[in-house]
Amino acid sequence: MTQGIGASAGIAIGKCFVLPNWEWDLPEQKIDVADLAREFERLYEGIRTSKVEIEQMKDELSEVVGPDERSIFDAHLAILDDPVFMNEIQGMIERQYKAAEVAVKEAIDHFVTMFDLLDDEYMKERALDIRDVGNRLLKHLLGAPEITLPSDTQPYVLVAKELSPSQLAHLNPRNVLGIATFGGSTTSHSAIMARALGIPLVVSVDDELEERVQTGDVLLLDGGSGFVELSPSAELIAAYARIKQEQEEEQARLRGLAHVDPSTPDGKRLRLSANISSLKELEIALSSGAHGVGLFRTEFLYMDRTRFPKEEEQFEVYRSVAEKLDGGPLVIRTLDIGGDKHLDYFELPEEENPFLGYRAIRISLDRKDLFRTQLRAILRASHYGDVKVMYPLISSVEEVREANRLLREAMAELEAEGKPFNRSMETGVMIELPAAVMIAELLAREVDFFSIGTNDLVQFTLAVDRMNDKISHLYEPYHPAVLRMLRTTVEAGRRQGITVGVCGEMAGDPAALPIWLGLNVDGLSMSSHSILQVKERLLRTSQEDSRSALEHVMASSTAAEAKLHLQRFKQEVDERESPEPAESGRGNG
């Protein structure tokens, strides 16, 4: 057995194709001064050809993945225009008399090594982008052929050292059962694309497998757990084949609940919305029965590009989402960068604690020009649907008042320009800081709704970075302190008469459902793949029983006790008959 990290869920069993590593035969001798012009012309022609290929890949993917995944290739185009990268190559040609392909190879190695040494996962992922673009350029300079994949229609499991977005773009998802890579991470561009394409992926597989695996070997991988087995036994294949079939049957059964009204047996209706970052994700959410979008992460409009998106660009995206929702709510979170989210073209300050630093609403209120552009785009989109705006990382009443003041200014500008918008557009805040919880009643007087961001709220309440392997076990959503934070927030919102929802990972955890029903929240927003699972449990869980369960959970002294109460409650629910879709119970989900 070999272990990796599950990056895209699903089970794959089949013969593998091992993708060869890039290997180049480069000239050793230096060029003559008289050949400089020719080398530069070769370089520029290689760049032009590479750009054309990248644009073609974007077009080919237009019907398969969403704009966020396609924008990965905008980042690749930007590398070919990056003055630092190009100056490095040109300098080696002009001053060291190196052939164009040698200069490109050494520039790739230089930047990849430099980024790999940084203790920053985002920069490590950008190193793979540079290698991908550089290898494409090298291929044209050397006249090297493409590495060809199996030409027959027999599906296969792809095995590679690393897999670049360009390589992934050329794959036919119908022929690729799954992918195993010895490098990479769950947040890499390749992982993002694999999830969008629905291909099971395991990354960071143990290097021991690399020495043994060969094309034609049978490989089994589980993109959920990260389990990989070379030459699995017939018994293991049969066991995982059954699991795969069960997963497919379960998904088919759950899809039957997509349009069933999300209500408890005793009549509590809970709005189940989706967290999205692209139009492609919206289509998946709607097919899962999502009632609107509870969190539109707008920062993805800003990433993997060379400049800030203009008002018109943002407006078109927001309007498209609002129109596709056909009257369903759309909560747009304003720009949330900083911490672990960076923009290539916007330099953030070096900080000791970036998660506690210059990020989210703090950047927006500092860079009012950027904030005003986004607010205008959101307001204009509000004319086309039930659009709401939400401010992230709020810690004070002053921040909310300043954000709302800028919103009113944007309204006045649009009114003077004669551009339509909803003058009654609702505003809300994310409750994700303990400070916001403690002044929740004060904040509730300034806005129309709360959305509890449980991921950051847990981290900040417990002072635990869940990405830190040494202390990740301390990241505990059911810690008594966190549970009290949740109750305080909901009760404060209720007293002030505003709606309260939840949009963190806890919202998509079926085990947490009795907490939300017991607290009487208005809605949950989650990843699309969680909606049907939560809805199924909702249809079998009464609010009255949940209130009783919540009393036991809130009385717990430890997270373990709280989870034990929730587990017992879950077992009681599981013993009841599974709900069947009924015509009389159908609604808009």
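The values are calculated or read from the model by the stated rules, or taken from the named source; none is laboratory data. What you are looking at is a predicted structure, and each value in this text was computed from that prediction instead of being measured. Don't worry about glycine lacking a Cβ; one is built from the backbone with ideal geometry, like all the others, and counts go over all protein chains shown.
Summary of values
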{"item": "Unique residue being surrounded by fewer than 16 Cβ atoms within 10 Å (Cβ to Cβ), closer than 28 Å to ASP129 by Cα and not small (Gly, Ala, Ser) when the list is GLU246, GLU235, GLU250, GLU208", "result": "GLU208"}
{"item": "Breaking point among (1) at pLDDT below 95; (2) within 22 Å of ILE431 (Cβ to Cβ), for ALA512", "result": "(1)"}
{"item": "Qualifying residues in the stretch 51-66 (those that are touching a Phe, Trp or Tyr at 6+ places or on another chain (Cβ under 9 Å) and farther than 18 Å from VAL104 by Cβ) - the one modelled with the lowest pLDDT", "result": "LEU61"}
{"item": "In the stretch 331-354, the residues that are over 23 Å from GLY294 (Cα atoms) and either not assigned by TED's automatic domain parsing to the domain that holds ALA410 or not in a strand (DSSP E or B) (or both)", "result": "HIS342, ASP344, TYR345, GLU347, LEU348, PRO349, GLU350, GLU351, GLU352, ASN353, PRO354"}
{"item": "Selection status of ARG48, at pLDDT 75 or above, of a type outside the set (A, V, I, L, M, F, W, C) and under 41 Å from the mean Cα position of the chain (by Cα)", "result": "yes"}
{"item": "Output for the stretch 543-564, where each listed residue is more than 25 Å from PRO262 (Cβ to Cβ), assigned to a helix (DSSP H, G or I) and touching a residue at least 60 places away in the same chain (Cβ under 8 Å)", "result": "ALA559"}
{"item": "Within the stretch 470-508, tally of residues that are more than 21 Å from the chain's Cα centre (by Cα) and either farther than 22 Å from ALA274 by Cβ or of a type in the set (Ser, Thr, Tyr) (or both)", "result": "23"}
{"item": "Residue among LEU118, LEU142, LEU149 that alone is touching a helix residue (DSSP H, G or I) at 6+ places or on another chain (Cβ under 8 Å), modelled with pLDDT under 70 and either surrounded by fewer than 19 Cβ atoms within 10 Å (Cβ to Cβ) or of a type in the set (Val, Ile, Thr) (or both)", "result": "LEU118"}
{"item": "In the stretch 479-504, the residues that are closer than 20 Å to ALA463 by Cα and out of contact with any strand residue (DSSP E or B) (no Cβ under 8 Å at 6 or more places or on another chain)", "result": "HIS479, PRO480, ALA481, VAL482, LEU483, ARG484, MET485, ARG487, THR488"}
